[in-house]
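> One structure coming up, written as structure tokens, with questions to follow.
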Amino acid sequence: MNPVSSARSEGAGNGARASWFYNPQVRGAVFQVLVVLALLGVLAFFAYNAKTNLERAGIASGLGFLSERAGFDISQSLIAYTNDSSYFRAFWVGLTNTLLVALIGVFFATIIGFVVGVARLSHNFVIRQLAAVYVETLRNIPLLLQLLFWYKAVLSVLPSPRRSLEPLSGVYLNNRGLILPEVIREPGSSLTFYALIAAIAVAIGISRWARKRQQETGQQFPSFLVGLGLIIVLPLVTFLASGMPIHFEYAELKGFNFAGGVVVNPEFMALLLGLSLYTASFIAEIVRAGILAVAHGQTEAAYSLGLRPRRTLQLVIIPQAMRVIIPPLTSQYLNLIKNSSLAVAIGYPDLVAVFAGTVLNQTGQAVEVIIITMLVYLTISLITSSFMNWYNRRMALVER
Amino acid sequence: MTNKILPIVFGAALGVAATAASAATLDDVKAKGFVQCGSNTGLAGFAAPDDKGEWTGIDVDVCRAIAAAIFDDPKAVKFTPLTAKERFTALQTGEVDVLVRNTTWTMSRDTTLGLNFAGVNYYDGQGFMVRKSLDVTSALELSGASVCVQTGTTTELNLTDYFKANGMDYKPVVFEKLEEVNAAYDANRCDVYTTDASGLYSIRLQLTNPGDHMVLPEIISKEPLGPVVRQGDDQWFNLVRWTLFAMINAEEMGVTMANVEEMKGSDNPNVKRLLGVDGKFGEAIGLSNDWAARIIKHVGNYGEVFDRNVGPNTPLGIARGVNALWSKGGLQYAPPIR
């Protein structure tokens, strides 16, 4: 910081006498512009080179293919898709499948990671050692092998459709997947949904009010229990009052597979298991490091103020540990998102399998497809890291 | 910022440089001393390493024939095993000189990929394999089935079309590698396995209990499989195409591995032209005039190649069927050498 500012002030001071040619500010700007121009030139050359070479080799190029009919089916889709949809639609199917497994994976990895991380610091010998074995085993085996293992394990444990397990009435488990009843919404069902949103909003309001009141008056209010009660009771009452406008449609065994219902594919289950358990082993270590980074004096100080152990952990240890935990946690989230592309090995239709796999092959436009795929991963990762950076700034120590 | 951009730029540069196709493939091949051949990762009868690690198969023999024609040495070939997804990119970028990987000749592949199909070395069609325990006798009974299929194939599209045309549903389970599809089907993830019929016979042998599976009678598509080269190098295209034609013509004329030397003394003008006794046909494709004789001496004629790799006396046990010579009721027909 200092050398720059001093150079600047010198430049400003000498500006009147010395030629602009010797002005370090101008020189700096000129060189930066030159570097950027050179880079743009190189990029333009590559783009031009690729274009002429593709033309000379007679390979189709451009993005026109995106609007053509895809003509293939995809086993799992969150959005409406048939083989008559366009390649662009297939791209969205792949992208939403990637986001689905990444989001749920991040959720489970975080929970398992925190539990195991805390367990590694447990005073109980067995729990501590079990957590250590978990971490050391899972983080030291390549993820691809773990995915293949889980896929094989999931498939070999589950029976064929005709001999399905039925853990709950209407829920079937077999090697075609987990088959759940489909939720059919009738008119009026959106009321229940709005009631849920309203209940959440009110619960957040109550917890803010309770916190403010405690800071001002010292009086406590059981805001968590009240909020939870609201979130359960309000939608339930609305649901009953509006005449129960939601019902389940159960899957039926037809021919050799189940028809109807919502199917969670074994590929998805294996990928989710593999990604969550693998990433959780890294998160556990980060959590352990974060907790150990909070000096023991903090605990003692909290005890001496009369806080009970749970409140100490909640109010003193965790908030300080989070400052150490969040930055490396971001990297783990990014790793999980990118690792989800290993889905291709076990047949889960993610972005790489659908778009950089099938679409690339059926159109042959490798350059466009790969560039789009890379840009998508780059975008997802940048969004994730900017969100985590925002969260980190919020949690960071505010210096007064 | 620059230190983040530079790696991306260099990465892009590598990718682009590789797409610059080289023109005279034959000169390059002669200079390096071997043919780089794109093959399947392992499909018995078509391209798979045998117990001694030697690549064998009907596709492999096309590569060996090209090497024999150029170098008089069928072993002057290096194989690059490719998945269905990788194969066209590998050929377009010049990673391989020729792609002989049970690849179906379709119009879009021939016209938009910058590639040319040099001929057909196996006429195939798509079929379905199921477990006998399902009690299915026709593909029309497969509604609702889970179907295992390899990505990036015409198979994937034919499957969609067939089920759609017959008003049936199915669940695709798509893998990138052949081994992964095999493993998933073997683990009972799918009811049905679909690919080219020849492939089904070959894959059935690799399953845990081949006897538990059967190939359904329906053939739902035309799959002419053949060698592919880059567009824009007519000399190399002609060489590959006529290598295949020479093998078919040789079978028609009765020239075999065993009798090729004595056939050089034949009075038949057709045989004389084929074996380079008459005319300068080899020079026209940049080779010596005994090019075809070399192919037959080292690799054999088309019939010999077929019988050795996939024919009735092999584990695959495929009958000649449509792959018989045109004169015997099949489709294999080569223009005359004259």
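This table checks each residue for (1) at pLDDT 90 or above; (2) surrounded by fewer than 16 Cβ atoms within 10 Å (Cβ to Cβ).
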| position | (1), (2) |
| --- | --- |
| B:Ile5 | no, yes |
| B:Ala23 | no, yes |
| B:Lys32 | yes, yes |
| B:Cys37 | yes, no |
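> Answer yes or no: is there a residue in the range B:197-213 that is modelled with pLDDT of 90 or more, within 13 Å of chain A (Cβ to nearest Cβ) and surrounded by 21 or more Cβ atoms within 10 Å (Cβ to Cβ).
no
> Does B:Thr103 meet the test of being under 21 Å from B:Ile203 (Cα atoms), at pLDDT 90 or above and more than 10 Å from chain A (Cβ to nearest Cβ)? Reasoning before the result, please.
Values: under 21 Å from B:Ile203 (Cα atoms): yes; at pLDDT 90 or above: yes; more than 10 Å from chain A (Cβ to nearest Cβ): yes.
Yes.
> Filter the range B:78-91 down to the residues that are touching a residue at least 40 places away in the same chain (Cβ under 8 Å) and open to solvent by 20 Å² or more (accessible area, probe 1.4 Å), then identify the one that is farthest from B:Glu179 (Cα to Cα).
This residue is B:Lys78.
> Now, a different point. So B:Asp234 clears everything in (1) open to solvent by less than 20 Å² (accessible area, probe 1.4 Å); (2) out of contact with any strand residue (DSSP E or B) (no Cβ under 6 Å at 6 or more places or on another chain) except one condition, right? Which one?
Result: B:Asp234 passes all but (1).
> Does A:Arg8 fit the bill of being open to solvent by 70 Å² or more (accessible area, probe 1.4 Å), among the charged types (D, E, K, R) and at pLDDT below 85? Please lay out each step first, then the result.
Numbers: open to solvent by 70 Å² or more (accessible area, probe 1.4 Å): yes; among the charged types (D, E, K, R): yes; at pLDDT below 85: yes.
Here the answer is yes, as A:Arg8 does meet what is asked.
> Right, another one. Test A:Glu252 against the criterion of being acidic (Asp, Glu), over 17 Å from A:Pro159 (Cβ atoms) and modelled with pLDDT of 85 or more, and give yes or no. Full working, then the answer.
Working: acidic (Asp, Glu): yes; over 17 Å from A:Pro159 (Cβ atoms): yes; modelled with pLDDT of 85 or more: no.
So A:Glu252 does not fit the description; no.
> What is the residue count in the range B:119-139 for residues that are away from chain A (no Cβ under 11 Å), in a loop (DSSP other than H, G, I, E, B) and over 24 Å from the mean Cα position of the chain (by Cα)? Please lay out each step first, then the result.
Taking the range B:119-139 first, the residues away from chain A (no Cβ under 11 Å) are B:119-129, B:132, B:137-139.
Now narrow it down to the ones that are in a loop (DSSP other than H, G, I, E, B): B:119-121, B:125, B:137-138.
Next cut, over 24 Å from the mean Cα position of the chain (by Cα) only: B:137-138.
Qualifying residue count for the region: 2.
> Could you check B:Leu178 against (1) at negative phi; (2) open to solvent by 30 Å² or more (accessible area, probe 1.4 Å) and say which number it fails?
Result: B:Leu178 passes all but (2).
> Additional query: For the condition closer than 30 Å to A:Glu267 by Cβ, of a type in the set (A, V, I, L, M), touching a residue at least 12 places away in the same chain (Cβ under 8 Å) and surrounded by 11 or more Cβ atoms within 10 Å (Cβ to Cβ), what is the one hit in A:Ile200, A:Ile179, A:Ile206? Let's see the steps before the verdict.
Working: A:Ile200 fails: closer than 30 Å to A:Glu267 by Cβ; A:Ile206 fails: closer than 30 Å to A:Glu267 by Cβ.
When all the criteria are applied, what remains is A:Ile179.
> If you don't mind, there's one more thing I want to ask. Within the range A:330-369, how many residues are aromatic (Phe, Trp, Tyr), away from chain B (no Cβ under 13 Å) and more than 14 Å from the chain's Cα centre (by Cα)?
Residues of the range A:330-369 that are aromatic (Phe, Trp, Tyr), as a first pass: A:333, A:348, A:355.
Remaining after also requiring away from chain B (no Cβ under 13 Å): A:333.
Applying the additional criterion that residues be more than 14 Å from the chain's Cα centre (by Cα) yields none.
Count: 0.
Each row is one residue, and each column tells you yes or no for (1) under 21 Å from B:Asp73 (Cα atoms); (2) open to solvent by 40 Å² or more (accessible area, probe 1.4 Å).
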| site | (1), (2) |
| --- | --- |
| B:Gly276 | yes, no |
| B:Trp291 | yes, no |
| B:Gly300 | yes, no |
| B:Glu304 | yes, yes |
| B:Asp307 | no, yes |
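> Being within 7 Å of another protein chain (Cβ to nearest Cβ), in contact (Cβ under 8 Å) with a residue 24 or more places away in the chain and outside any helix (DSSP H, G or I) is the filter; apply it to the range A:41-63 and report the residue that is surrounded by the most Cβ atoms within 10 Å (Cβ to Cβ). Don't jump to the end; show me each part of the working.
Pass one, the range A:41-63, residues within 7 Å of another protein chain (Cβ to nearest Cβ): A:42-43, A:46, A:49-50, A:53-54, A:57-60.
So of that shortlist, the ones also in contact (Cβ under 8 Å) with a residue 24 or more places away in the chain come out as A:50, A:54, A:59-60.
Filter once more, so that each one left must be outside any helix (DSSP H, G or I): A:59-60.
On the way: A:Ile59: 22, A:Ala60: 17.
Among those that are within 7 Å of another protein chain (Cβ to nearest Cβ), in contact (Cβ under 8 Å) with a residue 24 or more places away in the chain and outside any helix (DSSP H, G or I), it is A:Ile59.
> Output the number of residues of the range B:45-65 satisfying the condition of being surrounded by fewer than 22 Cβ atoms within 10 Å (Cβ to Cβ) and small (Gly, Ala, Ser).
Result for the range B:45-65: 2.
> Just to be sure, is B:Thr160 at negative phi and within 11 Å of chain A (Cβ to nearest Cβ)?
Working: at negative phi: yes; within 11 Å of chain A (Cβ to nearest Cβ): yes.
Against the criterion (at negative phi and within 11 Å of chain A (Cβ to nearest Cβ)), B:Thr160 qualifies.
> When you look at A:Leu66, is it crowded, with 16+ Cβ neighbours inside 10 Å and closer than 30 Å to B:Thr160 by Cα, yes or no?
Numbers: crowded, with 16+ Cβ neighbours inside 10 Å: yes; closer than 30 Å to B:Thr160 by Cα: yes.
Here the answer is yes, as A:Leu66 does meet what is asked.
> Quick one: B:Trp326 ticks every box in (1) hydrophobic (A, V, I, L, M, F, W, C); (2) touching a Phe, Trp or Tyr at 6+ places or on another chain (Cβ under 8 Å); (3) closer than 17 Å to B:Ala67 by Cβ bar one, so which box is it?
(3)
Residues checked against (1) open to solvent by 80 Å² or more (accessible area, probe 1.4 Å); (2) modelled with pLDDT of 90 or more; (3) touching a Gly at 6+ places or on another chain (Cβ under 9 Å); (4) not assigned by the TED database to the domain that holds A:Leu342:
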| residue | (1), (2), (3), (4) |
| --- | --- |
| A:Ser77 | no, no, no, yes |
| A:Trp92 | yes, yes, no, no |
| A:Gly113 | no, yes, no, no |
| A:Ile127 | no, yes, no, no |
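> While we're here: Can you tell me which residue is farthest from B:Leu134 (Cα to Cα) among those in the range A:227-257 that are open to solvent by 40 Å² or more (accessible area, probe 1.4 Å) and within 14 Å of chain B (Cβ to nearest Cβ)?
Applying the first criterion (open to solvent by 40 Å² or more (accessible area, probe 1.4 Å)) to the range A:227-257 yields A:228, A:230-234, A:236-237, A:239-244, A:246-250, A:252-255.
Now drop any that are not within 14 Å of chain B (Cβ to nearest Cβ), which leaves A:252-255.
Numbers: A:Glu252: 18, A:Leu253: 14, A:Lys254: 13, A:Gly255: 9 Å.
So the residue we want is A:Glu252.
> Of the residues A:Ser156, A:Ser164, A:Ser169, which is touching a residue at least 40 places away in the same chain (Cβ under 8 Å) and over 22 Å from A:Ala284 (Cα atoms)? Quick ask: steps written out before the conclusion?
Numbers: A:Ser156 fails: touching a residue at least 40 places away in the same chain (Cβ under 8 Å); A:Ser169 fails: touching a residue at least 40 places away in the same chain (Cβ under 8 Å).
Only one candidate passes the filter, namely A:Ser164.
> Would you mind listing the helices (runs of 4 or more DSSP H) fully within the range A:308-400 where at least 2 residues are closer than 30 Å to A:Gly58 by Cα?
Details: elements: A:309-312, A:318-339, A:360-363, A:366-395.
Result: A:360-363, A:366-395.
The values are calculated or read from the model by the stated rules, or taken from the named source; none is laboratory data. The model shown is predicted, which means the values in this text are computed figures rather than measured ones. When we count neighbours, we look across all protein chains shown, and the Cβ atoms used for this are built from the backbone with ideal geometry, even at glycine. Areas reflect the complete protein model, heavy atoms only, side chains present, ligands, DNA and RNA absent. Shrake-Rupley method; radii C 1.70, N 1.55, O 1.52, S 1.80 Å.
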